[in-house]
1. Can you name the residue in segment 149-174 that is open to solvent by less than 50 Å² (accessible area, probe 1.4 Å) and modelled with pLDDT of 65 or more and, of all such residues, is nearest to T61 (Cα to Cα)?
2. Identify the single condition in (1) modelled with pLDDT under 90; (2) surrounded by 18 or more Cβ atoms within 10 Å (Cβ to Cβ) that E112 does not satisfy, given that it satisfies every other one.
3. Report, by residue number, each residue of segment 1-29 that is of a type in the set (S, T, N, Q) and more than 19 Å from D48 (Cα to Cα).
4. Take segment 134-148 and flag every residue that is closer than 13 Å to S111 by Cβ and either loosely packed, with under 15 Cβ neighbours inside 10 Å or of a type in the set (A, V, I, L, M, F, W, C) (or both).
5. Sort out which residues of segment 16-29 are open to solvent by less than 40 Å² (accessible area, probe 1.4 Å) and closer than 20 Å to V101 by Cβ, and write them in order of number.
6. Taking the condition of being closer than 17 Å to C124 by Cα and at pLDDT below 90, how many residues in segment 32-50 meet it?
Amino acid sequence: MTDDEFEEFYARSVTRLVGQVYLMTGDLHEAQDVVQEAFVRAWGRRSDLRADAGPEAWIRTVARRLAVSRWRRGVRAAAAWRRHHREDRAPAAAAPDPGTVALVAALRRLSERQRRVAVLHYVCDLSVDQVAAETGLAPGTVKSHLFRARAALAPHLDDAADRVGAAMPKEHGV
């Protein structure tokens, strides 16, 4: 991939990838950081990346692995802080829209594997075979996780949609 092709790829896909990783992690700032770091790593190997070989999947995989590594470091750091009786006083971030909050809350109820499969299929719009290739699962296992994820998400998203809808002003004729 040339420099210009990489810049075009970045502009075309960064927002989508941040959104996808956000839904996997539940933390917008973390998603932005790990996607940016994944692009930095991709820049260093841009000559090896081919546009027809799915560089977006490579970025998404690297970003997810970075997020998992950071999460693990955070767990260890939190344990160290607790051992020393200190409090974590991170400032609160601005809240996203209610629909996104409801979706992230519902996704957090799923197992990590079901959440990843659901996000890749429904948000990233990957086929079952593409999800299987990216996750290393068999297509039948992906279908099973999608079925279970839909069943687990349905009651939570319906309730959240009702709450969001009740808070929205009604328009005439609707």
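1. Taking the candidates together, the pick is A149.
2. Of everything listed in (1) modelled with pLDDT under 90; (2) surrounded by 18 or more Cβ atoms within 10 Å (Cβ to Cβ), E112 misses just condition (2).
3. Correct list: T15, Q20, T25.
4. L137, S144, L146 - these are the residues of segment 134-148 that are closer than 13 Å to S111 by Cβ and either loosely packed, with under 15 Cβ neighbours inside 10 Å or of a type in the set (A, V, I, L, M, F, W, C) (or both).
5. V18, G19, Q20, V21, Y22, L23, M24, G26
6. Of the residues in segment 32-50, 0 are closer than 17 Å to C124 by Cα and at pLDDT below 90.
Per-residue answers, yes or no, for (1) at pLDDT below 90; (2) within 21 Å of T61 (Cα to Cα); (3) open to solvent by 70 Å² or more (accessible area, probe 1.4 Å):
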{"site": "A93", "(1), (2), (3)": "yes, no, no"}
{"site": "P98", "(1), (2), (3)": "yes, no, yes"}
{"site": "V104", "(1), (2), (3)": "yes, yes, no"}
{"site": "L107", "(1), (2), (3)": "yes, yes, no"}
{"site": "A132", "(1), (2), (3)": "no, yes, no"}
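Yes/no per residue for (1) in contact (Cβ under 8 Å) with a residue 60 or more places away in the chain; (2) touching a helix residue (DSSP H, G or I) at 6+ places or on another chain (Cβ under 8 Å); (3) outside the structural domain of Y122 (by the TED database); (4) open to solvent by less than 80 Å² (accessible area, probe 1.4 Å):
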{"position": "E7", "(1), (2), (3), (4)": "no, no, yes, no"}
{"position": "V14", "(1), (2), (3), (4)": "no, yes, yes, yes"}
{"position": "V35", "(1), (2), (3), (4)": "no, yes, yes, yes"}
{"position": "V40", "(1), (2), (3), (4)": "no, no, yes, no"}
{"position": "P55", "(1), (2), (3), (4)": "no, yes, yes, yes"}
{"position": "S69", "(1), (2), (3), (4)": "no, no, yes, yes"}
{"position": "A78", "(1), (2), (3), (4)": "no, no, yes, yes"}
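The values are calculated or read from the model by the stated rules, or taken from the named source; none is laboratory data. Just so it is clear, the structure is predicted and the values come from calculations on it, not from any experiment. Virtual Cβ from ideal backbone geometry, glycine too; neighbours counted across all protein chains shown. The accessibility values were calculated without ligands, DNA or RNA, using every heavy atom of the protein model including side chains. Shrake-Rupley method; radii C 1.70, N 1.55, O 1.52, S 1.80 Å.
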